[in-house]
Amino acid sequence: MVGIRALKKIWMDGQLVDWGEAKVHVLTHALHYGYSIFEGIRAHDTPRGPAIFRLKEHIDRFMNSAKVYRMKLPFSAEEIERACVDLVRANGVPAVYLRPIGFSGYGEMGLDPTKSPVQVAVAAWEWGAYLGAAGVETGVRATVSSWVRMDSRSLPPQAKCGANYANSALAKMEATIGGYDEAILLNSSGMVAEGPGENIFRVKNGVVSTPPASSGILRGITRDTVIQFLAPEHVPFQRTDFTREDLFTADELFYTGTAAGITPIREVDGRAIGTGKYPIVQRLQRRYEDAIHGRDPAYAAWLTYVT
Ligand code: PPE
């Protein structure tokens, strides 16, 4: 049972290999201890062919995740960027999600990952709306998780490490088993942090806010994109911590992420958010769609064309 439709190629350790040949051994170190770092990037169709959105920023974050974890990647940022471009071209599908991953490979078992070789791969697949196409239009139903977002003193959330996603998976499963679409995690101080795979924003009285990086979140690239949209939209903005009850009383709430795009939240733990209309979310969604599809020259520098 595979949900993903196989494309032609995967880039693995410096080469494009056939999809079915991108394999690892069962004693791959990262499979046991979660010692992997990864990225999620999207390519979209534009009038000038496929373009990868904010590739450089994603690969910069990838290199920083490796640095935090002392992972010596055998490829440079430029080589991994080129791998992403080559992969989109080789698969011939314009709209894909790209997943660069660095991990401790097959070598030694035991907790010191530096004893195993580091492998790097980039895969691409077609990934629709992360929280459902309807959710993007009408909003999703969220619940505040009983799981606390892991603290930066135990797992640094700004490094996109595979291990962080065990915490995310616990929250995600709890939400879906409870009949919700998605979770919202608080941090160990009880303030709102983020979703299992998304950042979160709040709109109140025309002001947009989002928790600061110090709240223990992944510093999302879509989060940064939305922040950069607010000045030209003439919407005031602040980075500030907010509480669970600030969620309930918001006029609009939304998730951001490469996978999720900009997805409004219509309900938190059975409380309807605002009036059920998303005027600011809709303006941001329009600007985002124009930017990623190459229709807004103001954001041309964010696109890497695959020609
Ligand atoms: N917080 C977390 C924990 C997170 O995983 C993501 C991305 C974000 C915030 C938003 O970051 P950015 O994509 O740079 O705007 N989550 C990725 C993986 C999702 C998955 O299920 O896999 C993603 O959206 O690509």
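Summary of values
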| read-out | value |
| --- | --- |
| Taking the chain and dividing mean pair separation by its residue count, relative contact order in percent (alpha carbons under 8 Å, at least six apart) | 20 percent |
| Long-range amide H partners of Ile265 with built H, under 5 Å | Val140, Leu253, Phe254, Tyr255 |
| FRET efficiency for Ala213 and Arg286, using Cβ-Cβ distance with R0 set to 30 Å, rounded to 0.05 | 0.65 |
| Rounded to whole Hz, the Karplus (6.51, -1.76, 1.60) HN-Hα couplings of the stretch 32-41, x for glycine and proline | 8, 10, x, 8, 9, 10, 8, 9, x, 9 |
| Spatial separation of Cα centroids for the stretch 123-153 and the stretch 2-42, in angstrom | 22 Å |
| The stretch 9-125: relative contact order as a whole-number percent, Cα under 8 Å and 6+ apart | 37 percent |
| Average Cα contact separation per residue, the stretch 168-307, under 8 Å, 6 or more apart, as relative contact order % | 19 percent |
| When each of Lys23/Lys160; Lys8/Lys172; Lys160/Lys277; Lys23/Lys72; Lys8/Lys56 is checked by Cα-Cα distance, pairs over 28 Å | Lys8/Lys172; Lys160/Lys277 |
| Paramagnetic reach from Lys277 in the stretch 110-143 [backbone N under 13 Å; point 7 Å along Cα→Cβ] | none |
| Estimated Rh, the stretch 147-231: Kirkwood, alpha-carbon pairs, angstrom | 13.5 Å |
| Among Gly49, Val96, Gly20 - extreme Cα towards positive end, dipole of the chain, charges at beta-carbon | Gly49 |
| Inter-site label distance for Asp246 and Tyr165 at 7 Å from Cα along Cβ, in nm | 2.9 nm |
| Förster radius 22 Å - calculated FRET efficiency between Asp224 and Ala129, Cβ distance, rounded to 0.05 | 0.60 |
| Convex hull of Cα atoms in the chain, direction-averaged projection (nm²) | 15.5 nm² |
| Least to most buried among Cys84, Cys161 (fewest other Cβ within 10 Å first) | Cys161, Cys84 |
| Highest-fluctuation residue, Asn205, Asn91, Asn187 considered, GNM on the chain with Cα pairs under 10 Å | Asn205 |
| Phi-based couplings in Hz for the stretch 207-214 (Karplus 6.51, -1.76, 1.60; Gly and Pro marked x) | 9, 9, 9, 8, x, x, 4, 5 |
| Helix-derived mean residue ellipticity, 222 nm - over the chain, DSSP H n ≥ 4, -39500 (n - 2.57), to 500 | -8000 deg cm²/dmol |
| Three-way shape call for the stretch 168-307 based on the alpha-carbon gyration tensor, with the a/c threshold at 1.5 | prolate |
| Under the Karplus curve 6.51 cos²θ - 1.76 cosθ + 1.60, θ = phi - 60°, whole-Hz ³J(HN,Hα) for the stretch 297-302, x wherever Gly or Pro sits | x, 4, 10, 4, 5, 8 |
| Hypothetical label at Lys23: residues of the stretch 85-114 whose amide nitrogen lies under 20 Å (7 Å Cα-Cβ projection) | 103-108 |
| FRET efficiency, Asp112 to Ser76 (Cβ-Cβ, R0 25 Å, nearest 0.05) | 0.50 |
| The stretch 100-157: C-alpha gyration tensor shape, a/c 1.5 cut-off, then a/b vs b/c | oblate |
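No value in this document is a laboratory result; all are computed from the given coordinates. Treat the numbers as computed from the prediction; the structure is a model and nothing was measured. Cβ sites come from the backbone with ideal geometry, for glycine too, and all protein chains shown count toward neighbours.
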